[in-house]
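Here is the structure we will look at, set down as structure tokens.
The values are calculated or read from the model by the stated rules, or taken from the named source; none is laboratory data. Computed from a predicted model, the values in this text were never measured in an experiment. For neighbour counting, all protein chains shown are included, and Cβ atoms are generated from backbone atoms with ideal geometry for every residue, glycine included.
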Amino acid sequence: MERRPDNMHITTFMLPAGYHKDSWRLPGSRAEELGFLDFVLELTLMAEAAKLDAVFFGDIVTADTILRNDVKMNGLYEPISVLSALAARTSHIGLIGTVSTTFSEPYNLARQIMGVDHMSGGRAGWNIVTSSQGNQNFGLEEMPDPVDRYRRAMEYVDVVTQLWDSWDADAVGTNRETGVWAETSKLHRINHSGEFFEVQGPLNMRPSTQGRPIIVQAGSSGPGIELGSTYADVIYAAQPDKALAQEYYENYKRVVAGKGRNPDHVKILPGLVPILGSTQKEAQELADHLAEQVNMEFGVTQLSASHGMDLSGVDLDDRVPAELFPETFARSRSEIFRRRALEDKLTLRELIVEDARGTGHGFFIGTASAAADHMIDWFNDRACDGFNVNAPFMPGGMEMMCTQLIPELQERGYFRTEYEGATLRENLGLNLPDPVITRD
């Protein structure tokens, strides 16, 4: 296996309840503190001490998951507010937050992410989602069609990047003699008029110290790949199978190159849940113990809702009948679920446990050394540019990742021991972006 010349990039999905469903039931989980700052700050400082590229906060704009007794994925941490708080208490780690293009406006979003960018000294990132639920909270009778959501998202991100580029990098001159703080000739109206938005600009905030906040996107559908390959710097992928991940990686990089972008400057990071032990036996015992925490009744409800299927009539130890599956799924993770159920013939109980562990992402059960072997194998064989690692339980799972797994990668020379720069863009090894608007 030939060693790649670059090093892998690693971010972490910040889920303080633990990525493994129902792991919050374990003693010491600190579940009583969910939604408050101190706990998530401790976890973020652990990740920063390990030199991770970034912490990533997802978001859900409804309480539906909690109503289904699933506290793993939740909206307890509103991304902009928690990232702003963390910006003041960290110094190097990137801060990535999710905001939906369906339930917000581009001018406000451009200001919010730029605000986090300024407060953090150039460490902000925006994870683009189009959302699949939540319309009842935003005055919409039903969710827009996925094609329409992505069409809106394409225009939305175009507007945001124009706004972020609407000030020249040297616009702020602070000339005390003339009384001119910013040279108005270096601020540019974007005068955007499109299908969904009318935005004059320019943004009323000075330019980013990292050229532009980092853009992150996840989604393997055709429209998702079109959006990500056009704008994103980082791609989060649900690819648990190495061969399929290599195919996805190669195809995605080809699409990026076809748009005139440098494929090396679009980092593909599949999700990985490491369940670690000092021995293989210990790791398996931990995995089994985590599986025992899963409430099977809630699991059926949650899996049915996640994939838009009624699984209530299926016995836990039976396989899911093929006729229950719709002809097509809108989400790539649902296609993974279909493959595991029909091709790999997992029972409903096994599917619930697997979903509890990975939610469509890969998981690894073993020692930190073996997990590092696994990650290096994927990295060198170009199945990824690194990983978005997900701690299976908190805080112990984060501690294991940061004090056992990451040092293994550092000792082998595959991960940094110090941050390369002050900004998220520098630490990701990305060049300054080219302006997207024509200068006057």
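Brief remarks on what is shown
- Criterion: in a helix (DSSP H, G or I), closer than 29 Å to Trp126 by Cβ and not small (Gly, Ala, Ser) - qualifying residue of Arg254, Arg261: Arg254
- Meets criteria (in contact with a helix residue (DSSP H, G or I) (Cβ under 7 Å, 6 or more places away or on another chain), among the basic types (Lys, Arg) and in contact (Cβ under 8 Å) with a residue 24 or more places away in the chain) for Arg25: no
Condition check ((1) at pLDDT below 95; (2) touching a Leu at 6+ places or on another chain (Cβ under 7 Å); (3) of a type in the set (Phe, Trp, Tyr)) across all residues:
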{"residue": "Val40", "(1), (2), (3)": "no, no, no"}
{"residue": "Leu45", "(1), (2), (3)": "no, no, no"}
{"residue": "Val61", "(1), (2), (3)": "yes, no, no"}
{"residue": "Ala85", "(1), (2), (3)": "no, yes, no"}
{"residue": "Ser100", "(1), (2), (3)": "no, no, no"}
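- Residue count for segment 397-440, restricted to those that are surrounded by 16 or more Cβ atoms within 10 Å (Cβ to Cβ), part of a loop (DSSP other than H, G, I, E, B) and among the β-branched types (Val, Ile, Thr): 3
- Residues that are over 25 Å from Glu105 (Cα atoms) and either surrounded by fewer than 16 Cβ atoms within 10 Å (Cβ to Cβ) or without any contact (Cβ under 8 Å) to a residue 24 or more places away in the chain (or both) within segment 148-171 comprise just one, Asp170.
- Filter pass, Ser120 being farther than 24 Å from Glu198 by Cβ, at pLDDT 95 or above and crowded, with 23+ Cβ neighbours inside 10 Å: yes
- Options Arg331, Arg340; residue that is modelled with pLDDT under 85, out of contact with any Pro (no Cβ under 8 Å at 6 or more places or on another chain) and surrounded by fewer than 19 Cβ atoms within 10 Å (Cβ to Cβ): Arg340
- Matching residues in segment 347-396 - criterion: being at pLDDT below 95, among the aliphatic types (A, V, I, L, M) and buried (at least 21 other Cβ atoms within 10 Å of the Cβ): Leu351, Ile352, Val353, Ala356
- Selection of strands (runs of 3 or more DSSP E) fully inside segment 111-211 by the criterion of at least 3 residues being in contact with a helix residue (DSSP H, G or I) (Cβ under 8 Å, 6 or more places away or on another chain) returns 124-129.
Matching residues to (1) more than 19 Å from Gly386 (Cβ to Cβ); (2) of a type outside the set (S, T, N, Q):
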| position | (1), (2) |
| --- | --- |
| Val234 | no, yes |
| Asp241 | no, yes |
| Gln293 | yes, no |
| Phe298 | yes, yes |
| Gln302 | yes, no |
| Ser312 | yes, no |
| Leu316 | yes, yes |
| Pro321 | yes, yes |
| Glu327 | yes, yes |
